[in-house]
Amino acid sequence: MPKTRADLFAYLDDLGIGHATIEHPPLHTVEESRELRGELAGGHAKNLLVKDKKSRVFLIVAREDLPVDLKRVHGLIGGQGRVSFCSAEQMGELLGVKPGSVTPFGVINDTEKAVTVVLDAGLVAFDPLNFHPMENVATTTIASDDLFKFLRATGHEPVVVELPVAEQSAAE
């Protein structure tokens, strides 16, 4: 059984990581999140679970407003060939989450260390940071340094990179 939000909070507590959580209706997109959160301080993320041509899996945690160039990102994250999105089944198997709930906290369920966590340098410059706690009906805030502490405690040394930005078309 994958770890739940309660398991996550207990783990954060055991690590001495302070956290605060607000409840809200289910959020499935960055746009829905922006409309609902109001003045929740700190960095807000979009989380992309992708795989490369060799089926290596990467969790890209980026600023919510960053148009990540998925055609070029593989070169920065150590991927072999272009990346594509993982299936809902893979999300569940690897992170214990459903689509719309992908979060760096999900690596608590990746006991095989199959997922490489890639953090956007621009996102981790914010403090604090906000993520779903395993489900998209709440947002949990932690300090930026504590995200690193959490990831390392789960055995996931994060890769911090300046992510490539997708070019905007003239129509946008």
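The values are calculated or read from the model by the stated rules, or taken from the named source; none is laboratory data. From a predicted model like this one, the values you see are computed outputs, not experimental measurements. In this analysis, Cβ positions are derived from the backbone assuming ideal geometry, glycine residues included, and neighbour counts consider all displayed protein chains. Note: accessible area is taken over every heavy atom of the protein model, side chains too, but ligands, DNA and RNA are not part of it. Shrake-Rupley method; radii C 1.70, N 1.55, O 1.52, S 1.80 Å.
At 1.4 Å probe size, what's the solvent-accessible area of I22? Round to the nearest 10 Å².
Roll a 1.4 Å probe over it and I22 shows about 70 Å².
Taking the simple approach of a point 7 Å from Cα along Cα-to-Cβ for both E93 and A10, what is their distance in nm?
Taking the two extended label points, one gets 2.7 nm.
Scan the chain and hand back the longest stretch that contains none of the trypsin sites (Lys or Arg not before Pro) lying in DSSP loops with at most 11 other Cβ atoms within 10 Å. Present the calculation step by step, with values, prior to reporting the outcome.
On the way: sites that count: K54, K113.
My reading of the result: 114-172 is the longest stretch.
Note down the accessible area of T140, probe 1.4 Å, to the nearest 10 Å².
0 Å²
Is segment 47-172 rounded, prolate or oblate when judged by the Cα gyration tensor, a ≥ b ≥ c being the square roots of its eigenvalues, rounded requiring a/c under 1.5 and prolate requiring a/b larger than b/c?
Working: a/c = 1.44, a/b = 1.18, b/c = 1.23.
Here segment 47-172 falls in the rounded category.
Probe 1.4 Å, all protein chains in place: accessible area of D14 in Å², nearest 10?
About 130 Å², ignoring ligands and nucleic acids.
Between E23 and E112, what length comes free when the chain is fully extended (0.36 nm per residue of separation minus the Cα-Cα distance, one decimal in nm)? Can you show the working numbers first?
Working: separation 89, 0.36 × 89 = 32.04 nm, distance 3.06 nm.
This chain segment gains 29.0 nm when fully extended.
At what distance in nm do the modelled label points of R82 and V137 sit from each other, each positioned 7 Å from its Cα along Cα→Cβ?
In this crude spin-label approximation the distance works out to 3.8 nm.
If you keep only loop residues by DSSP, which GluC sites (Glu not before Pro) in segment 60-140 have at most 11 other Cβ atoms within 10 Å of their Cβ? Each step should come with its number before you reach the end.
Values: sites: E64, E89, E93, E112, E135; in loops: E64, E112, E135.
Answer in residue order: E112.
Would you kindly derive the ³J(HN,Hα) couplings of segment 46-54 from the backbone phi angles with the Karplus curve 6.51 cos²θ - 1.76 cosθ + 1.60 (θ = phi - 60°), listing them in order in whole Hz, with x for Gly and Pro?
The phi angles translate into 10, 10, 10, 9, 10, 9, 9, 5, 9 Hz.
For segment 65-121, what D do you get in µm² per second when you plug the Kirkwood radius from alpha-carbon pairs into Stokes-Einstein at 4 °C and 1.567 mPa s? Please report the intermediate quantities before stating the final value.
Working: Rh = 12.6 Å.
Rounded to a whole number, D works out at 103 µm²/s.
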